[in-house]
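The values are calculated or read from the model by the stated rules, or taken from the named source; none is laboratory data. On a predicted model such as this, the values are computed, not experimentally measured, just so you know. For neighbour counting, all protein chains shown are included, and Cβ atoms are generated from backbone atoms with ideal geometry for every residue, glycine included. Areas reflect the complete protein model, heavy atoms only, side chains present, ligands, DNA and RNA absent. Shrake-Rupley method; radii C 1.70, N 1.55, O 1.52, S 1.80 Å.
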Amino acid sequence: MDKIYAIFMNFLKRILGIDTEEEVTDENGNEIGKFMPRPEIPIDEEFMLNFKKNGGKFLYCENENELRLNFSEILKENEWDECEVYCSKPDIYSKFDHTKLTFNKNLEACFFLSDCEFLISNTGAILVSSSQMGDKKLSDLPPNFIIIAKTSQLIKTIGEGLQQINKRQDRNLPTNITTIKTFDEKKDSDFMSYGSIPKNLYLLLLEDL
């Protein structure tokens, strides 16, 4: 009787144009109901998926040595071995003093090298501020970016990032806060990135947890 009832219900749904329940399984192959909440993916995986969807290039680094190796590979790939780099932070460019790069604040440089405030997992965006850009706008900076971040900078939302910035004890809180989210020709609807232009962006993510 149950089998006949099930066949009848499926037939009725097809006649009325009602979709049958979608069969969804979790990562272990267990069936999940169509209207059940999906398991939340880890924050690092969520960021990586959204970041790549936005067109960014992602390189994971287990240690400082791997960071330098991946950086060198980016230089080779783009033929940036002996060019100028816009970078105002000695603690960053000192990591690459073995290269033939010239570090300065020339806006016509091959690329912009910097750290960031936070990595936003739910949008795949990178939160930056005056600590990285000074008084410049994203559109003022070179079209190519290499951003160095740490796994401890991964957070869920922009709001969480702004809260953490406001909680800092430093009186000189950063200004000019914005997100980099567009890494190709797609239009970006994120109000925090309004008016920005697409950037060819590489992210070197250093493990520190």
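Using a simple spin-label model with points 7 Å from Cα along the Cα→Cβ vector, what separation in nm is obtained for Lys57 and Thr151?
Label at Lys57, label at Thr151, 2.4 nm between them.
For Glu108 and Glu40, what does the FRET efficiency come to when R0 = 35 Å and r is the distance between their Cβ atoms, rounded to the nearest 0.05? Mind dumping the intermediate values first?
Numbers: r = 44 Å, r/R0 = 1.26.
Efficiency at R0 = 35 Å is approximately 0.20.
Considering all alpha-carbon pairs of the stretch 43-95, what whole percent are spaced by more than 15 angstrom?
In whole percent, the share of Cα-Cα pairs in the stretch 43-95 beyond 15 Å is 63.
May I ask for the Rg/Rh ratio of the stretch 77-178, computed from Cα atoms with Rh as the Kirkwood radius, given to two decimals? Kindly include the intermediate steps, with their values, before the conclusion.
Numbers: Rg = 14.4 Å, Rh = 14.7 Å.
Over the Cα atoms of the stretch 77-178, Rg/Rh equals 0.99.
Can you tell me the mean projection area, over all orientations, of the convex hull of the stretch 134-175's alpha carbons? Units nm², please.
4.2 nm²
I need the GluC sites (Glu not before Pro) found in the stretch 102-168, filtered to DSSP loop residues with at most 10 other beta carbons within 10 Å of theirs.
Hits after loop and neighbour filter: Glu108.
Go through Lys53/Lys105; Lys105/Lys181; Lys89/Lys167; Lys53/Lys199 and tell me which ones have a Cα-Cα distance over 21 Å in this structure.
Lys53/Lys105; Lys105/Lys181; Lys89/Lys167
Can you sort Lys89, Lys156, Lys100 by solvent-accessible area, 1.4 Å probe, largest first? Before the final figure, lay out each step's value.
On the way: Lys89 40, Lys156 65, Lys100 145 Å².
If we order Lys89, Lys156, Lys100 from most to least accessible, we get Lys100, Lys156, Lys89.
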